[in-house]
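The values are calculated or read from the model by the stated rules, or taken from the named source; none is laboratory data. Predicted model only: the values in this text are computed from it and were never measured. Neighbour counts run over all protein chains shown; Cβ positions are idealised from the backbone, glycine included. To get the accessible areas, we keep the full protein, side chains included, count just its heavy atoms, and leave off ligands, DNA and RNA. Shrake-Rupley method; radii C 1.70, N 1.55, O 1.52, S 1.80 Å.
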Amino acid sequence: MEYFDLSPYDYLDFPLPMRAVGWLGPRYGVQGAGAAPMTGAEMERLRVASWRIGSVTLGWHDCDFCGAFEGNGEYRYYLPDGEIYAAPMMILHYVEEHGYRPPRELRDGLRAAGQPRWDWRAERLHTVLLDQSEDPDFRCQAAVDLANWNDPRALDALWHAAHDEDLADAAGDEIGRSLATFVDRGLMRDLLPEGLHDMVRYGIGEASSR
Ligand SMILES: [Zn+2]
């Protein structure tokens, strides 16, 4: 999949509107040639923001420019201005190896970004996660992305989701990974996996073995 930077993202259905960045390909080549090169600080901010992979069901892709790298899934950046940018996992490779320069909107946004405040995006993901009539893929992505908010409401929803048998069957590993982040940040003192669904325990184990 290839997008011109900042185009509306429509690769997969997603419960929130997003813009595409870093979806490079043969049609537009390595975009961003007119932008300033990435500074070391900007590179570091991008790495820190790229902490959680979503939509790993996208499948594996080779780099169109060197063929040497494979990526699967995408990063989603929730910026304080309300925008969400979706980038392929390979965005870091494109920047480091091929001189890709992400658009100013993302770079400035990441500079300003701290912990996102609870907002309409969090509310929407919260509602999707807890709604049993929602699309299972939406609920899975909500379980991944709610971990962007270090907020008790996100934790409560994920804890509830961990005990939803159908959802845990489908997305328990992602729920577990998200729960583990709240321990890392101190919002949850300890996570006792006893009694939790096997998939949730697997996700918690994966997160803590990193
Ligand atoms: Zn490459």
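Miscellaneous remarks
- Debye intensity ratio in log₁₀ form over the Cα atoms of segment 45-168, taken at each q of 0.12 Å⁻¹: -0.51
- Principal-axis tilt of helix 152-162 within the chain, Cα atoms, nearest 10 degrees: 70 degrees
- In this rough spin-label picture, where each label sits 7 Å from Cα along the Cβ direction, the L12-S208 distance is 2.7 nm.
- Gain in span if fully extended, W60 to R27, counting 0.36 nm per residue against the direct Cα distance: 9.9 nm
- Three-way shape label, segment 120-208, alpha-carbon gyration tensor, a/c 1.5: oblate
- In a simple Cβ point-charge model (Lys, Arg +1; Asp, Glu -1; nothing else charged), segment 70-210 has a dipole of about 740 debye relative to its Cα centre.
- Dipole of segment 1-97, positive end: most advanced residue of A49, I91, G22 [Cβ charges, Cα centre]: A49
- For the chain, the longest principal axis of the alpha carbon atoms and the long axis of helix 120-130 meet at an angle near 50°.
- The dipole here belongs to segment 19-112: it is taken about the Cα centre, uses +1 on the Cβ of Lys and Arg and -1 on the Cβ of Asp and Glu, and is about 220 debye.
- For the pair D166 and N72, a Förster radius of 25 Å applied to the C-beta separation gives a FRET efficiency near 0.50, rounded to the nearest 0.05.
- Neighbour net charge for Y11 - beta-carbon separation under 11 angstrom, K R +1, D E -1: -4
- Segment 155-210 and segment 1-77 have Cα centres spaced 27 Å apart.
- Hz values of 3J(HN,Hα) by residue in segment 83-99 - Karplus curve (6.51, -1.76, 1.60), Gly and Pro given as x: 6, 10, 10, 10, 10, x, 3, 6, 4, 5, 4, 4, 5, 6, 9, 10, x
- Calculated accessible area for segment 120-208 comes out at 48 Å² per residue, all protein chains present (probe 1.4 Å; ligands, DNA, RNA ignored).
- Note on V183 and A36: their simple-model spin labels are 4.2 nm apart, each label 7 Å out from Cα toward Cβ.
- Angle of helix 136-145 to the longest C-alpha principal axis of the chain, folded into 0 to 90 degrees and rounded to 10: 80°.
- Surface composition of segment 120-208: carbon plus sulfur atoms contribute 48% of the solvent-accessible area (1.4 Å probe, protein chains only, all chains present).
- The accessible-area ordering, largest first, of the residues T181, T39 stands as T39, T181, per a 1.4 angstrom probe.
- For the chain, built as a Gaussian network whose Cα springs stay under 10 Å, the top-fluctuating residue of A168, A157, A33: A33
- Within-15-Å neighbourhood charge of M38 [Cβ basis; K, R +1; D, E -1]: -1
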